[in-house]
Amino acid sequence: MEKLRNLTCESVSNSENLDKEQDEMYAHKRLVTLTDNVEENFFSLNVVNGRRELVHISKACLKIYGYPPENFLAEENFWFKVIHPDDKDRIAKLDENLYKGEKSIREYRIICNDGTIKWVSNKVIPTLDKDGKLIRLDGYTTDITERKNAELKIERYNTLMYQISHDLRGPLNSAKNYIDIAIVKVKDETAINYLMKINQSYDKLEHHILSLLDLGRLNRTEVAFEKIDTIPFVRNIIATLDGIKDFDQIKFSTDIKIRDDLYSDRQYLQSILYNLINNAIKFRRNIPDSFINVSMNFENNRIIIRVSDNGMGVPKEIRCKVFNMFVKGGTESTGNGLGLYIVKNLVTKLKGEVSLESEENKGTTFTIALPINTMTDNVNTPSS
């Protein structure tokens, strides 16, 4: 009787193990079916005594690499063999972090079977055992060639826009200096009147050129964080606007509580403040106590920047769309309607928010809320 009981228990145990194996085989089969029908190339490797044994790679590898799964299964380091030579050292160093259990997302070039070069994004998730030893790698590879080519075109466009703008500003600034000298030297009122109109036209042209530069910055893919000394930074921006009409009729003030603790993209922040202060100058009221105030402070664990004035204010009917492209601030505006659009998009790139409060014939306050960043939070370095 006891023997029969043991045989029954053994039979039940074997049946349960068989059911478990069948369930695992079915789940694996479903996973393979799923991964073989998507564009991403999925793969799994076991790590045994430091050696990587590929246990699965989806059929998408043929479309991405031009090589069938058999090539990867037959040769342990075949995936590394097809990496572009200029990227191999970088990827090898990143690979070391997998042994620490750190996920890895990297972008690099590969050389396909037909000799073409592609860009891929590769995400790898490591699994460690209870002793902290790497035992498995799972991940997927995506073809990002189209995105990289688009980024390259944008970069070339930005370089071209910068070069054109730079080349235009040089001779225009020289002409501007001669006009300023002529206005002082010339005595004929008619001639002075024409020179003043030429000067105003120059200011408009310079504003358009700066807008071109700002639009180029919108296409920049990376945010370059660096430490900014806020007081001279703001003062320099204000100083660059001294050629605008009525600049000397405005009292400028700053209330900057953030000194050297600000980390942001210098070019982005400069464009944001330049456009906001420029708008405040252009839309001043003809009153003796015109003012513009720029403040920076920490509030609720965020960086708060405000640009306030007592100017004309934003008409109620356009406040909800003032950040849209080509929307001008009112009938008095002589701009191109890009300034606040650029501000909104640059603030968004900095993962911040911008809002305004305005009342006609009383003034406007633009408020920018940015996350607090530190140099250790950001790996990108300032662009040249």
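Take the conditions under 25 Å from the mean Cα position of the chain (by Cα) and either modelled with pLDDT of 90 or more or of a type outside the set (S, T, N, Q) (or both) and apply them to Val314. Does it pass?
no
The rows are residues; the columns are (1) free of Cβ contacts under 8 Å to residues at least 40 places away in the same chain; (2) touching an Asp or Glu at 6+ places or on another chain (Cβ under 8 Å); (3) closer than 20 Å to Val234 by Cα.
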position: Asn278; (1), (2), (3): no, no, yes
position: Ser290; (1), (2), (3): no, yes, yes
position: Val307; (1), (2), (3): no, no, yes
position: Arg319; (1), (2), (3): yes, no, no
position: Leu346; (1), (2), (3): no, yes, yes
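So that you can scan it fast, the table gives a plain yes or no per residue for (1) in a helix (DSSP H, G or I); (2) within 19 Å of Gly339 (Cβ to Cβ):
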| position | (1), (2) |
| --- | --- |
| Ile287 | no, no |
| Ile292 | no, yes |
| Asn297 | no, no |
| Ile305 | no, yes |
| Gly311 | no, yes |
| Val314 | no, yes |
| Ile318 | yes, yes |
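Has segment 148-161 got at least one residue that is touching a helix residue (DSSP H, G or I) at 6+ places or on another chain (Cβ under 6 Å), surrounded by 12 or more Cβ atoms within 10 Å (Cβ to Cβ) and in the same structural domain as Ile209 (by TED's automatic domain parsing)?
Yes; the residues of segment 148-161 include at least one that is touching a helix residue (DSSP H, G or I) at 6+ places or on another chain (Cβ under 6 Å), surrounded by 12 or more Cβ atoms within 10 Å (Cβ to Cβ) and in the same structural domain as Ile209 (by TED's automatic domain parsing).
Could you tell me which residue of segment 221-254 is surrounded by the fewest Cβ atoms within 10 Å (Cβ to Cβ), considering only residues that are part of a helix (DSSP H, G or I) and touching a residue at least 40 places away in the same chain (Cβ under 8 Å)?
Applying the filter and picking the extreme gives Gln249.
Can you confirm whether Ile281 is more than 16 Å from Ile305 (Cβ to Cβ), part of a loop (DSSP other than H, G, I, E, B) and modelled with pLDDT of 85 or more?
no
Does Lys204 fit the bill of being in a helix (DSSP H, G or I), modelled with pLDDT under 75 and surrounded by fewer than 14 Cβ atoms within 10 Å (Cβ to Cβ)?
Considered against the rule, which asks whether it is in a helix (DSSP H, G or I), modelled with pLDDT under 75 and surrounded by fewer than 14 Cβ atoms within 10 Å (Cβ to Cβ), Lys204 comes out as yes.
So if I check each of Gly311, Gly339, Gly352, which one is of a type outside the set (A, V, I, L, M), more than 26 Å from Lys257 (Cα to Cα) and in contact (Cβ under 8 Å) with a residue 12 or more places away in the chain?
None of the others qualify; the one that does is Gly339.
Give me the pairs, please: first residue somewhere in segment 192-204 and not assigned by TED's automatic domain parsing to the domain that holds Leu338, second residue anywhere and in a helix (DSSP H, G or I) and exposed (fewer than 12 other Cβ atoms within 10 Å of the Cβ), beta-carbon distance under 9 Å, and either six or more positions apart or on two chains.
Sorted first by the residue in segment 192-204, then by its partner, the list stays empty.
Considering each of Leu276, Leu269, Leu350 in turn, give the residue that is closer than 25 Å to Glu206 by Cα, at pLDDT 90 or above and under 18 Å from the mean Cα position of the chain (by Cα).
After applying the criteria, what remains is Leu269.
Any residue that is touching a residue at least 12 places away in the same chain (Cβ under 8 Å), part of a loop (DSSP other than H, G, I, E, B) and closer than 15 Å to Leu137 by Cα - is there at least one of those in segment 40-54?
no
Scan (1) within 22 Å of Glu39 (Cβ to Cβ); (2) touching a Lys or Arg at 6+ places or on another chain (Cβ under 7 Å) for the single condition Leu94 breaks and write down its number.
Going through the list (1) within 22 Å of Glu39 (Cβ to Cβ); (2) touching a Lys or Arg at 6+ places or on another chain (Cβ under 7 Å), Leu94 breaks only (1).
Within segment 359-368, count every residue that is in a strand (DSSP E or B), among the polar types (S, T, N, Q) and either at pLDDT below 95 or closer than 10 Å to Ile272 by Cβ (or both).
Matching residues across segment 359-368 total 0.
The values are calculated or read from the model by the stated rules, or taken from the named source; none is laboratory data. Worth saying up front: this structure is predicted, and the values here are computed from it rather than measured. As a convention, Cβ positions derive from the backbone with ideal geometry for all residues, glycine included, and neighbour counts pool all protein chains shown.
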